[in-house]
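The values are calculated or read from the model by the stated rules, or taken from the named source; none is laboratory data. All of these numbers come straight from a predicted model, not from anything done at the bench. For neighbour counting, all protein chains shown are included, and Cβ atoms are generated from backbone atoms with ideal geometry for every residue, glycine included.
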Amino acid sequence: MRYNTEELLKFPQELARFQSLVMVDAVTGCHVMANRKKRARFVLNEAERERTGLPKQIGARRLAYILEHGPIPESRRLYPLCGNRHCINPKHMWMRKS
């Protein structure tokens, strides 16, 4: 699903909440969502969702990448270069066709 980057940036409180959930590993530089052992998802506020039409959840890796680099083409997926499947650091990502 394609996310509208401009719409995401209109929610500074939601983005601050997202950033507060990210923990940085000082040794590896990996960014990991706090208390997330399975798929790291970020849930948007219901009022903001209804107003903009954005999806209920966004993958944390996709959201981090979008905020750092801009939109991700629909046919692309993100993979961590560092080997840590929980890493959402945009600098550790590479993109390939799905």
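Residues in the range 1-24 that are modelled with pLDDT of 85 or more and β-branched (Val, Ile, Thr) were compared, and the one that is surrounded by the most Cβ atoms within 10 Å (Cβ to Cβ) is 22.
Test residue 68 against the stated conditions and say whether it is in contact with a helix residue (DSSP H, G or I) (Cβ under 9 Å, 6 or more places away or on another chain), at pLDDT below 75, assigned to a helix (DSSP H, G or I) and among the acidic types (Asp, Glu). Full working, then the answer.
Numbers: in contact with a helix residue (DSSP H, G or I) (Cβ under 9 Å, 6 or more places away or on another chain): yes; at pLDDT below 75: no; assigned to a helix (DSSP H, G or I): yes; among the acidic types (Asp, Glu): yes.
So residue 68 fails the test.
Of the residues making up the range 48-98, not one is surrounded by 14 or more Cβ atoms within 10 Å (Cβ to Cβ), free of Cβ contacts under 8 Å to residues at least 40 places away in the same chain, more than 18 Å from residue 13 (Cα to Cα) and over 15 Å from the mean Cα position of the chain (by Cα). Kindly establish whether residue 47 is hydrophobic (A, V, I, L, M, F, W, C) and either modelled with pLDDT of 80 or more or touching a helix residue (DSSP H, G or I) at 6+ places or on another chain (Cβ under 8 Å) (or both). In short, no. Of the set (1) of a type outside the set (Val, Ile, Thr); (2) at pLDDT below 90; (3) part of a helix (DSSP H, G or I), all apply to residue 91 but (2). Screening the candidates 27, 32 for the property of being more than 13 Å from the chain's Cα centre (by Cα) and either modelled with pLDDT of 80 or more or assigned to a helix (DSSP H, G or I) (or both) yields one hit, 27.
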